[in-house]
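Below: one structure, written as structure tokens.
Every number here is computed from the coordinates shown, using simple stated rules; none is lab data. None of the values given here were measured: they were computed from a predicted structure. We place every Cβ from the backbone using ideal geometry, glycine too, and count neighbours over all the protein chains shown.
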Amino acid sequence: MAMNRRGFTLISVMIAVVILAVGVLALSRTLAGAMQANTKAGLRTIALDIARQRMEFLRAQRPADMVDFAEATPVDVNEEGRPMTGGKYHRSVIVADVRLNLVSVTVRVTYPNGSTPVELVTYVYTGGVT
């Protein structure tokens, strides 16, 4: 008498479970990496906003007074760019003479877990208009 065997064997079910587990593991590692990259990009975006805000403030000042706004040591700031002791972000402003009546202004912001700081550079004419 012939038996009609329908369904899956234990071996085929185990192989399917292993393949599914490998796929889920790969997906979870990809998701974790994407979340970490997203967090890092968010921190860099905040650092860029802090640098832009400071650069706009500096550009609104009198060119002859630009040297007065240099920050020799980094200033701890919060996410809004306001000075705060123990802030996660560190901002510095470097004003350097390039040539007569021309200075370069560099705003540098470092952020948590960032490998390279955000850096904005502009040149300002400090001489008078003839």
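Figures for the structure shown
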{"item": "Separation of alpha-carbon centers, the range 1-64 and the range 73-130, rounded to whole Å", "result": "33 Å"}
{"item": "Per DSSP, loop GluC sites (Glu not before Pro) in the range 58-105 with at most 12 further Cβ within 10 Å", "result": "80"}
{"item": "HN-Hα J in Hz across the range 102-114 - Karplus 6.51, -1.76, 1.60, θ = phi - 60°, x for Gly and Pro", "result": "9, 10, 9, 10, 10, 10, 10, 10, 9, 9, x, 6, x"}
{"item": "Cα pair distances of the range 10-125 binned at 5 Å [whole percent]", "result": "2, 11, 16, 16, 12, 9, 7, 5, 5, 4, 4, 4, 3, 2, 1, 1, 0"}
